[in-house]
């Protein structure tokens, strides 16, 4: 997300200062106790509880197993010098699709409400987490989380996680949150674009603009990235690519991200919020090094798997 540049540009316009602060900075809480809201509204009973084909890659692994999910974390390093690319892969197999959950910053749904991925993960006893779609930066998109509808303003290409373990890219503008819920959707994310479909890199992804807010038009070039890939029902890969850090990781284009997902065996893959938001958390600490500084940027939400302890 390019929130900082959007705000700076808008503030420079002078007459819209109040609007900019309200739109990009001031918190607007709509639901202040998400846990209670989901307990009252969910109709689903949730559970409580890879390698790369790149040449000259260094891979290290660690993992976690429970009755509901198995997670293997791999670090992959390719290239040398300023062309080095470092990315982190979580290969996740679920026995219950509801083991993959969502959580909001500060247990609150609304705009401009943020916490770091690590803090949201810790608050929810997560063993594994990645940043979500930063839903709180916008007021559009279909937002279904943990079987509960939060927003129904279809605007773009979304990704839907179903109770049967399947995951599908869909057009938000051709359906409603109620229809998705009735069809068995457990979670949605609203960012994009889809970068792999039917095992092939999607054409034109380098030209996609996710948002039309002032100063927030481009996600092109070599950037830190977060993506979700689908290998099979209940078998997912989550990838965080480090970037903007010469010698550690240059980042990748959307096409480069798609090729990584292909190499991991994903037949479908979907881009999430990137840049300083790109974070992967495992077993109490960050896996990646955001922007090479180790400092996390706040985000609106995470996808996570709860630890068994």
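The values are calculated or read from the model by the stated rules, or taken from the named source; none is laboratory data. Small disclaimer: the values here were computed from a predicted structure and weren't measured. A quick note on method: Cβ atoms are made from the backbone with ideal geometry, for glycine too, and the neighbour counts reach across all protein chains shown.
Per this entry, residue 160 is counted among residues that are more than 19 Å from residue 280 (Cα to Cα) and modelled with pLDDT of 95 or more. So, of the residues in region 278-304 that are over 22 Å from residue 125 (Cβ atoms) and buried (at least 22 other Cβ atoms within 10 Å of the Cβ), which turns out to be nearest to the chain's Cα centre (by Cα)? Result: 278.
The number of residues in region 104-119 that are buried (at least 24 other Cβ atoms within 10 Å of the Cβ) and over 20 Å from residue 225 (Cβ atoms) comes to 3. Residue 76 passes every criterion in (1) within 19 Å of residue 302 (Cβ to Cβ); (2) more than 18 Å from the chain's Cα centre (by Cα); (3) at pLDDT 95 or above apart from (1). List the residue pairs whose Cβ atoms are under 9 Å apart, where the first residue sits in region 94-109 and is at positive phi, the second is outside any helix (DSSP H, G or I) and surrounded by 20 or more Cβ atoms within 10 Å (Cβ to Cβ), and the two are 6 or more positions apart or on different chains. From region 94-109, the pairs are 106/113; 106/114; 106/115.
Just one of the numbered conditions (1) surrounded by 19 or more Cβ atoms within 10 Å (Cβ to Cβ); (2) modelled with pLDDT under 95 is not true of residue 25: (1).
Where strands (runs of 3 or more DSSP E) sit wholly within region 69-123, those with at least 1 residues that are in contact with a strand residue (DSSP E or B) (Cβ under 8 Å, 6 or more places away or on another chain) and more than 26 Å from residue 37 (Cβ to Cβ) occupy 69-78, 85-94. Does residue 300 meet the test of being under 25 Å from residue 147 (Cα atoms) and modelled with pLDDT of 95 or more? When the stated conditions are applied, residue 300 passes them.
Yes or no, residue by residue, for (1) in contact with a helix residue (DSSP H, G or I) (Cβ under 9 Å, 6 or more places away or on another chain); (2) at positive phi; (3) surrounded by fewer than 18 Cβ atoms within 10 Å (Cβ to Cβ):
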| position | (1), (2), (3) |
| --- | --- |
| 126 | yes, no, no |
| 140 | yes, no, yes |
| 145 | yes, no, no |
| 154 | yes, no, no |
| 159 | no, no, no |
| 168 | no, no, yes |
| 196 | yes, no, no |
| 220 | yes, no, yes |
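Within the set of pairs 6+ apart or on separate chains, which have a first residue in region 242-266 that is on the phi < 0 side of the Ramachandran plot, a second that is assigned to a helix (DSSP H, G or I) and surrounded by fewer than 18 Cβ atoms within 10 Å (Cβ to Cβ), and C-beta atoms under 7 Å apart? What qualifies is 245/292; 246/82; 248/292; 250/82; 250/83; 253/206; 254/206; 255/206.
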